[in-house]
1. Under a straight-distance cross-link criterion of Cα-Cα below 15 Å, which aspartates and glutamates are reachable from Lys199, leaving out those fewer than 8 residues away in the same chain?
2. Just to check I understand the Karplus step: with θ = phi - 60° and J = 6.51 cos²θ - 1.76 cosθ + 1.60, what whole-Hz values come out for the range 72-79, glycine and proline as x?
3. Can you sort Met134, Met69 from fewest to most other Cβ atoms within 10 Å of each residue's own Cβ?
4. Cα to Cα, under 20 Å, and not fewer than 8 places away if on the same chain: which aspartates and glutamates meet these conditions relative to Lys174?
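Here, each number is a calculation from the coordinates, and none is a lab measurement. What you are looking at is a predicted structure, and each value in this text was computed from that prediction instead of being measured. Neighbour counts run over all protein chains shown; Cβ positions are idealised from the backbone, glycine included.
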Amino acid sequence: MFGLWKKRKPEEIRPPTYALIDGFQTSTDAFYKSIEDELQTRQVPGLDLVRLDYKEGGLLSSRRDYLRMRRERLTFDLCSAPFGTSWFFSYRFCEIPAPFPFWQFLIVLALTAVLAGGYVALFGALWGGVIIGMTALGFVLLLRNTLTLGFEDFDAWLLTVPVFGRVYEALFRKETFFRQDTRFMYVEMIERIIQAKIKEVTVSEGIEKVEFIEGRPDMHPLLARLVQVPTRTSA
């Protein structure tokens, strides 16, 4: 929704998972489209789908298309691409950081002061103060009850708004069991769909078994930056 949000570097919550299929080729775009269609059918509240292109290396390097599935600040970045005569699928479960530096706080204060000054200039000190108070109260009630009012998509959108999104998350967005449960369901559903679609596209070519491997940097930190030791998690 916002370029700043899309380009912000995600932080991995757990090691990436991948599957390498020997002697196999498919269409990246068609594979992403199948997942997008499936998620549209599921009607996951607050889910945002976007295609991203990440550079393979430096400034002049080629780019690879990724599919990002984001809900709140949690994302799955999925890649489907050739590797020689083989094909690989990989996905990363990440969190998009939401830093709140002091200069952003100053911007919020400045915007609030401008808004308050506008009310006073239009309605006078007395009625301007009353209207400011009523507006602030109504706004706070709205922000504190976005889920109760059925505004799941609005809640997800607020988190993406530069500056204000961090204020909303810190001050108004109450953490509840329901938010935690839906977060768990989002993670479980996305991972199930990814693996199911990988198996679906490979079985159509006669490949009956797909191994999903979790990359774990269980080695010296300096070496772990360059290579990850695979640990088989499922088949």
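1. The qualifying aspartates and glutamates are Asp22, Glu38, Glu191, Glu208, Glu211.
2. 6, 10, 9, 10, 10, 9, 10, 10
3. Numbers: Met134 10, Met69 23.
Going from sparsest to densest Cβ surroundings: Met134, Met69.
4. Once the sequence-local aspartates and glutamates are set aside, what remains near Lys174 is Glu72, Glu95, Glu152, Asp153, Asp155.
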